[in-house]
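**Q** Please see the structure below; I have some questions.
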Amino acid sequence: LIKIGFKSIVEQKLCNHVTFGAINWRAKTVQKALRLNKNEIKLLKNFDVDCKLIRLYQIAKKYGTHLSLEELEFIRYKVYPDELDFLLKYVSFKKLLNYFQKQSKLYDLSFEMVLHDYKDYISDCIELEMNMKEKSVLLPKDLRRAHQATIKMIKVQGSAILNRKISERAKKLEGYYFEYGGLFIRPAASQTELIQESNALHHCVANNYSEPYANGKTNILFIRKTDAPNKSFYTVELKGDKIVQCRGKNNSDYTKNETVKAFVE
């Protein structure tokens, strides 16, 4: 791998970084290790290759999506491989790209925010057993409005088991408490709090993130004003050392609020 210019892949493995399941480390040839043929490996040599890029390429190949070099570069730092794998089961990459760009312009949102909203919306549709072959369901003209509708349709009810798990997770995440510039952040302490957060800010944290949070697949924290500690303000999803998203009322982007932006940074 090092000889053909893929040194960073080896470094990711040796440093115990996330490798996204992209490499078959037991393989005895480069092609089998990367699950790619000679021509595909030659194509990827034009990039600063890492495990994430390899996995994205493998997923694109799996669904018969022929991505150009420019498209690969565009999605590389915007999409998690498992997100792309999930969405390509329903929509082709070309359609996704065009749809995200239109929705991004409609509400002045980043590509990443539209992607997260769409993934959550599709998850809602599946849970509601909606017809995923209907274009109006799969690619609604107004994603935000459609997403709000599915949120209202899904009634989240707290359970003793879920609350116990969330309470235990909150205790483990107490070290994330942080205060700065009139704001502080703390982990969500219960299912009830997540429901209250969703109701107050009109977003889907209770619907789509209660169980992943309870089961340790992601971390959900609340940003609050120090002079209003019990009032919902912004919600943060944290995975490892990366802030995946930070949303305010009606899914507003935290970067539009300078105080919150400074706090997050």
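The values are calculated or read from the model by the stated rules, or taken from the named source; none is laboratory data. Note that the coordinates shown come from a computational prediction; the quantities given were computed from them, not determined experimentally. A quick note on method: Cβ atoms are made from the backbone with ideal geometry, for glycine too, and the neighbour counts reach across all protein chains shown. We work out accessible area using only protein heavy atoms, side chains counted, and drop any ligands, DNA or RNA first. Shrake-Rupley method; radii C 1.70, N 1.55, O 1.52, S 1.80 Å.
**Q** Would you please name the residue that is modelled with the highest pLDDT, looking only at residues in the range 215-241 that are among the small types (Gly, Ala, Ser) and more than 27 Å from Leu143 (Cβ to Cβ)?
**A** This residue is Ala228.
**Q** Looking at Lys135, Lys119, Lys78, Lys94, which one is at pLDDT 90 or above, of a type in the set (Lys, Arg) and either touching a Gly at 6+ places or on another chain (Cβ under 9 Å) or within 22 Å of Leu56 (Cβ to Cβ) (or both)? Break it down stepwise before answering.
**A** Working: Lys135 fails: either touching a Gly at 6+ places or on another chain (Cβ under 9 Å) or within 22 Å of Leu56 (Cβ to Cβ) (or both); Lys78 fails: at pLDDT 90 or above; Lys94 fails: at pLDDT 90 or above.
Only one candidate passes the filter, namely Lys119.
**Q** Further, regarding this structure: Given the structure, is Leu43 among the hydrophobic types (A, V, I, L, M, F, W, C), assigned to a helix (DSSP H, G or I) and open to solvent by less than 50 Å² (accessible area, probe 1.4 Å)?
**A** Numbers: among the hydrophobic types (A, V, I, L, M, F, W, C): yes; assigned to a helix (DSSP H, G or I): yes; open to solvent by less than 50 Å² (accessible area, probe 1.4 Å): no.
So Leu43 fails the test.
**Q** Gly64 versus (1) surrounded by 15 or more Cβ atoms within 10 Å (Cβ to Cβ); (2) farther than 24 Å from Trp25 by Cβ: which is the lone unmet condition?
**A** It fails just one condition, (1).
**Q** Of the conditions (1) open to solvent by 10 Å² or more (accessible area, probe 1.4 Å); (2) among the aliphatic types (A, V, I, L, M); (3) under 17 Å from the mean Cα position of the chain (by Cα), Ile185 clears all except one; give me its number.
**A** Failed condition: (3).
**Q** Counting just the residues of the range 139-186 that are under 29 Å from Leu115 (Cβ atoms) and of a type in the set (Val, Ile, Thr), which one comes out modelled with the highest pLDDT?
**A** Ile185
**Q** Within the set of pairs 6 or more residues apart or between chains, which connect a residue that is closer than 16 Å to Cys246 by Cβ and without any contact (Cβ under 8 Å) to a residue 60 or more places away in the chain inside the range 198-217 to a residue that is surrounded by 15 or more Cβ atoms within 10 Å (Cβ to Cβ) and of a type in the set (A, V, I, L, M, F, W, C) with Cβ atoms less than 6 Å apart?
**A** Within 6 Å, the pairs are Ser198/Val205; Ser198/Ala206; Val205/Leu194; Tyr209/Ile220; Tyr213/Ile220.
**Q** Please find, among Asp120, Asp142, the residue that is in contact (Cβ under 8 Å) with a residue 12 or more places away in the chain, more than 19 Å from the chain's Cα centre (by Cα) and open to solvent by less than 70 Å² (accessible area, probe 1.4 Å). Spell out how you get there, then give the answer.
**A** Details: Asp120 fails: more than 19 Å from the chain's Cα centre (by Cα).
Result of the check over Asp120, Asp142: Asp142.
**Q** If I filter the range 217-231 down to residues being out of contact with any Lys or Arg (no Cβ under 8 Å at 6 or more places or on another chain) and not acidic (Asp, Glu), which single residue comes out as surrounded by the most Cβ atoms within 10 Å (Cβ to Cβ)? Give the derivation first.
**A** Of all residues in the range 217-231, those out of contact with any Lys or Arg (no Cβ under 8 Å at 6 or more places or on another chain) come to 217, 220, 223, 226-229.
If we keep only those that are not acidic (Asp, Glu) as well, we get 217, 220, 223, 226, 228-229.
Numbers: Lys217: 10, Ile220: 24, Ile223: 20, Thr226: 11, Ala228: 10, Pro229: 11.
The qualifying residue surrounded by the most Cβ atoms within 10 Å (Cβ to Cβ) is Ile220.
**Q** Next question, about the same structure. Pull up the range 210-261, narrow it to residues that are among the aromatic types (Phe, Trp, Tyr) and not in a strand (DSSP E or B), then point me to the one that is farthest from His17 (Cα to Cα).
**A** Kept after step one, since they are among the aromatic types (Phe, Trp, Tyr), are these residues of the range 210-261: 213, 222, 233-234, 254.
Then drop every residue that is not not in a strand (DSSP E or B), which leaves 213, 233, 254.
On the way: Tyr213: 22, Phe233: 33, Tyr254: 28 Å.
Among residues in the range 210-261 that are among the aromatic types (Phe, Trp, Tyr) and not in a strand (DSSP E or B), the one farthest from His17 (Cα to Cα) is Phe233.
Let's see how each residue does on (1) in contact (Cβ under 8 Å) with a residue 24 or more places away in the chain; (2) within 16 Å of Phe111 (Cβ to Cβ); (3) among the polar types (S, T, N, Q):
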site	(1), (2), (3)
Lys45	yes, no, no
Ile54	yes, no, no
Ala60	yes, no, no
His66	no, no, no
Arg76	yes, yes, no
Phe86	yes, no, no
Val91	yes, yes, no
Lys95	yes, yes, no
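**Q** Here's another thing I want to ask about it. Within the range 17-40, which residues are closer than 27 Å to Gly240 by Cα, assigned to a helix (DSSP H, G or I) and either small (Gly, Ala, Ser) or open to solvent by 30 Å² or more (accessible area, probe 1.4 Å) (or both)?
**A** Residue satisfying the conditions is Ala33 alone.
**Q** I'd like to verify a number: residues in the range 102-115 that are at pLDDT 90 or above, under 20 Å from Thr65 (Cβ atoms) and either open to solvent by 20 Å² or more (accessible area, probe 1.4 Å) or part of a loop (DSSP other than H, G, I, E, B) (or both), how many?
**A** 1
**Q** Phe86 - would you say it is of a type in the set (A, V, I, L, M, F, W, C), out of contact with any strand residue (DSSP E or B) (no Cβ under 8 Å at 6 or more places or on another chain), part of a loop (DSSP other than H, G, I, E, B) and open to solvent by 30 Å² or more (accessible area, probe 1.4 Å)? First the steps, then the outcome.
**A** Values: of a type in the set (A, V, I, L, M, F, W, C): yes; out of contact with any strand residue (DSSP E or B) (no Cβ under 8 Å at 6 or more places or on another chain): yes; part of a loop (DSSP other than H, G, I, E, B): no; open to solvent by 30 Å² or more (accessible area, probe 1.4 Å): yes.
In short, no.
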